[in-house]
Each structure stands twice: as structure tokens, then as C-alpha cells.
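The values are calculated or read from the model by the stated rules, or taken from the named source; none is laboratory data. Source: prediction; values computed, not measured. As a convention, Cβ positions derive from the backbone with ideal geometry for all residues, glycine included, and neighbour counts pool all protein chains shown. Calculation scope for accessible area: heavy atoms of the full protein, side chains included, ligands and nucleic acids excluded. Shrake-Rupley method; radii C 1.70, N 1.55, O 1.52, S 1.80 Å.
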Amino acid sequence: MSELKRVAIVGSARIPFARGYTAYGEETNLSMLGTVLRGLAERHGLRGEKVDEVVAGSVIKHSRDFNLAREALLDAGLSPRTPGTTMQIACGTSLQAALMLAGKIASGEIESGIAAGADSVSDSPIVFGDKMQHRLVALSRAKSFGDRLKVFRGFSLKELTPVAPSVNEPRTGLSMGQHCERMARQWAIGRAEQDGLALASHQHAGAAYDEGFHDDLLVPCAGLVRDNNVRGDTSLDKLGALKPSFDKKSGHGTLTAGNSTPLTDGAAGVLLASEAWAKARGLPILAYLSAGQVAGNDFAHGEGLLMAPTIAVSDMLARKGLGFGDIDYFELHEAFAAQVLCTMKAWTDPDYCRDVLGRDSVLGEIEPEKLNVKGSSLAYGHPFAATGARILGVAAKLVSTAPAKRALLSVCTAGGMGVAALVESAA
């Protein structure tokens, strides 16, 4: 077997993220993803050029989005010879896409690829209930006026009530926020801790904008030039005044609109390649995507819906022979402040590390100055399928511009899964 190639992270791009129902009310998954891919193509001289594969997806999508990756790359001006694969693993979509492409590049199957994701809650599909859907299908097959009339026998106006999109877990019927409230109670994560993490995320994000960190990462879209959820001037008093969002009755709810990610629209992408492909085109190598891991847990029976990243990270580091002391930056997706805090507490718990992670000792603590140093999802927002690519782009830039060797990434997902990755310096 031939030696595996190193997988270079050449560049990334994203549109500014927008709170749902604001700046991108007229945009779609396709238009946002196309804007990101066009930005990547223009920055790296790829207009009209063939990229070996684009893998992208979205979580909330219309039936028209079935060929999302292919249509977006064509809209972006990449060569029609570029194939597009549409996939989805909830919030881990674009990071999983990057890992899939990385495996192909490492093995020599392809030389280049773009991993991306887009999501719009503002353009959510509105569908009718089963009864009305069946009537409409029958109507489309009716051959005469009489047949059409028969379709609506017994019709009730209630059948016109739309079914709102839901992200509740099919196996439990609970929302992600409700599950995370359970995790916060299980791990004794208080409201003050959660608000403190949310404040740090906004402050770090505001400082990142002030220093120009995002200048070469963002592609304007629909008149928006920066994320509209970042509140660098928020305070603990403002966060503390918010009421619980998911547990409103018990008096013990701790998750609020301030320490949970808002519903968000946006798109992001990352260009990956072999070293030879990048060097032949005079393109920079920011960093290397050196490892990845996907894990699942038994969330329906008490393991915590958003705790699977603990397993993915542990398994990945064990396979690489690394520990937390070998990591310079931790980029942990902030679905909820409580989720991040539960995850970090689990890594310091001897029983959890032994019984769940199969470790003889704890992974250890993460130093605050290494955690989400440019802010994360609580500040920027979380367009589900786009978040992994956003984090991967940030991690690559961090290790390319600072005297650091490694960044560790993790993203929790619906369905009790987690995706982790390791980014290493090219220096």
C-alpha cells in the first residue's frame, strides 16, 4: 500500500452568519452555498477550473435541494466536470464532509476537494399533514373533473394547517435544549457558569472583529458584511436578566436565549488538497487536517444527547498518541454553553473517563486561554450544516498565524453523535 498523503487546508470562506428571519430572508440554501463556493473559487483562481469533488449539505432543506452540492458548484462557476455530493450528519455535516474528502486525498483517489454546508431557518419548508399530502398526491393523479372532486370528500379546513419544521429527537420527542437541560442537571452545571461562557464567546468574537481576524474569511452576502449576532458589549447583567427558554415551569431551568445558540442562516466552506496540487497552483498551505473521528452514544438511555464528542475526541487522541497537553487551541462548537461545560467536566471525571471512554486516567482540564479564543457559536450563531466548516477555517488560520502546533475541533450533533478533528501547523 502506498504511503498516505498529507491533507492540506488551503483556504476557507463563509458568508456572515445572520439570525434567522433577518438579513437572509430572501436567500436559500442554494444561493448562500453558491456565494461561498464562488468566493472560494475567486480567491484561489478556480473559476472555470475542475475541483475533484465538492461535498456539501444542509440540515433543513426543501425537496428541491436534493442535488444541492452539484447545483451550487455550477452556480459558483466551477468547471462542470466537478462532481458534487450532497450529504448530511446534522450539525457535523461540513466537518464530516471535510473528513470524507481528506480520506480520499490521503489515499490518492482525488487531489482536491471542497467541504461545505449551508442552512436557512428563514427558508424552512412548510408542509401539510399526512392527510392533506395524500389528497394532493391523489389530485395530481386524477384524470377527470369528477375524480378531482372525489379527492376532497370529507375535507376539513384543519387539513390546511401547516406542520412546522421540527428538530425534536425522534426517539425521545424532546428538543435539543430540553436534552441539554437534563445534561446540565446531571453534571451540576449552573446558570452563572453558562452565562460566563456565553459572555466570553461574545467578547472574544468582538475582539476578533476589532483586530481584523475575519477580514479574509468573510464573503459579503445580501448586503451583510459581518455576523449580526455578535454582541461584544454584552454583560453578565444582560445575560442574567434572560428567562429560561426550555424549562420554563420547574424553576430550575438554566438554558436561556443568551447561553444557547440562536436560530441562524449562513454557509461556509473549506478548500482541501494534496500538497502537490496546492504547490502546482501557487496556493498557500495554511495547515494540515491530520485526523478525525466520528462517534455515537446511547443518548436515549441516559448518556446525554450532546456528549458523544467526548468519545470522538478521546478515541482520536488515543489513536494519535496525544493528550490535552499536546493541543494549543480547542475549538469546541458551542451549541449551548452547558454542552461545552458538560463535555469539559466529563473529561476530568475519573468514572466517566473509565466507564465511557475506556481510559485509565482522565483526559484533563482545558485551560481557558486555549478555548474558543476567537469566540464560537454562541456569538457567531449556528447555521447547522455550516458550523463545522466555519470552525475548521478558524482553526487553520489560528495555527497558520500563531506559534502553535495543533488545534482540536469538536462538534456535537443531533441523534447523539459527535465529530472531532485535528488540525496541525504547516510550519
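Points to keep in mind about this one:
- Residue selection: Ser156 satisfies the criterion of being among the hydroxyl-bearing types (Ser, Thr, Tyr) and over 25 Å from His62 (Cα atoms).
- Pairs are defined by a Cβ separation below 8 Å, a sequence spacing of at least 6 or placement on different chains, a first member in region 296-322 that is in contact (Cβ under 8 Å) with a residue 12 or more places away in the chain and over 14 Å from Arg171 (Cα atoms), and a second member that is of a type in the set (Gly, Ala, Ser) and in a helix (DSSP H, G or I); the pairs so defined are Gly296/Ala308; Met307/Ala346; Thr310/Ala346.
- Residues located in region 249-261, provided they are open to solvent by 10 Å² or more (accessible area, probe 1.4 Å) and either modelled with pLDDT under 95 or among the polar types (S, T, N, Q) (or both): Lys249, Ser250, Gly251, His252, Thr254, Thr261
- Among the residues of region 331-363, those identified as acidic (Asp, Glu), open to solvent by 10 Å² or more (accessible area, probe 1.4 Å) and assigned to a loop (DSSP other than H, G, I, E, B) are Asp349, Asp360.
- Summed over region 206-229, residues that are small (Gly, Ala, Ser) and touching a Ser or Thr at 6+ places or on another chain (Cβ under 8 Å) total 0.
- Residues located in region 302-316, provided they are closer than 30 Å to Val121 by Cβ and either open to solvent by 10 Å² or more (accessible area, probe 1.4 Å) or not hydrophobic (A, V, I, L, M, F, W, C) (or both): Gly302, Glu303, Gly304, Pro309, Thr310, Ile311
- Selection of region 2-29 for residues being open to solvent by 10 Å² or more (accessible area, probe 1.4 Å), touching a Ser or Thr at 6+ places or on another chain (Cβ under 9 Å) and either of a type in the set (Ser, Thr, Tyr) or without any contact (Cβ under 8 Å) to a residue 60 or more places away in the chain (or both) yields Ser2, Tyr21, Thr22, Thr28.
- Residue pairs whose Cβ atoms lie under 6 Å apart, separated by 6 or more positions or on different chains, with the first residue in region 48-73 and touching a residue at least 24 places away in the same chain (Cβ under 8 Å) and the second aromatic (Phe, Trp, Tyr) and open to solvent by less than 40 Å² (accessible area, probe 1.4 Å), are Val59/Phe384.
- Meets criteria (out of contact with any strand residue (DSSP E or B) (no Cβ under 8 Å at 6 or more places or on another chain), of a type in the set (Gly, Ala, Ser) and crowded, with 21+ Cβ neighbours inside 10 Å) for Ala389: no
- Filter result for the condition that a residue is open to solvent by less than 30 Å² (accessible area, probe 1.4 Å), under 15 Å from Ala379 (Cβ atoms) and among the hydrophobic types (A, V, I, L, M, F, W, C), over Ala184, Ala208: Ala208
- Region 382-398 residues that are within 14 Å of Tyr288 (Cα to Cα) and touching a residue at least 12 places away in the same chain (Cβ under 8 Å), paired with ones that are surrounded by fewer than 24 Cβ atoms within 10 Å (Cβ to Cβ) and aromatic (Phe, Trp, Tyr) (beta carbon under 6 Å, 6 or more apart): Leu398/Tyr329
- Restricting region 392-411 to residues that are more than 17 Å from Met87 (Cα to Cα) and part of a strand (DSSP E or B), the residue that is most open to solvent (accessible area, probe 1.4 Å): Arg406
- Within region 123-158, restricting attention to residues that are within 35 Å of the chain's Cα centre (by Cα) and of a type in the set (D, E, K, R), the residue that is nearest to Met176 (Cα to Cα) is Asp123.
- Pair list, Cβ under 6 Å, 6 or more apart: region 234-263 residue more than 15 Å from Cys180 (Cβ to Cβ) and aromatic (Phe, Trp, Tyr), other residue open to solvent by 70 Å² or more (accessible area, probe 1.4 Å) and modelled with pLDDT of 95 or more: none
- For region 262-291, a residue qualifies if it is of a type outside the set (A, V, I, L, M) and either assigned to a strand (DSSP E or B) or open to solvent by less than 30 Å² (accessible area, probe 1.4 Å) (or both), and the qualifying residues are Pro262, Thr264, Asp265, Gly266, Gly269, Ser274, Trp277, Tyr288, Ser290.
- Within region 75-84, the set of residues being in contact with a strand residue (DSSP E or B) (Cβ under 8 Å, 6 or more places away or on another chain) and without any contact (Cβ under 8 Å) to a residue 24 or more places away in the chain is empty.
- Of all the numbered requirements in (1) modelled with pLDDT of 95 or more; (2) under 20 Å from the mean Cα position of the chain (by Cα); (3) polar (S, T, N, Q), Asn168 misses one, and that requirement is (1).
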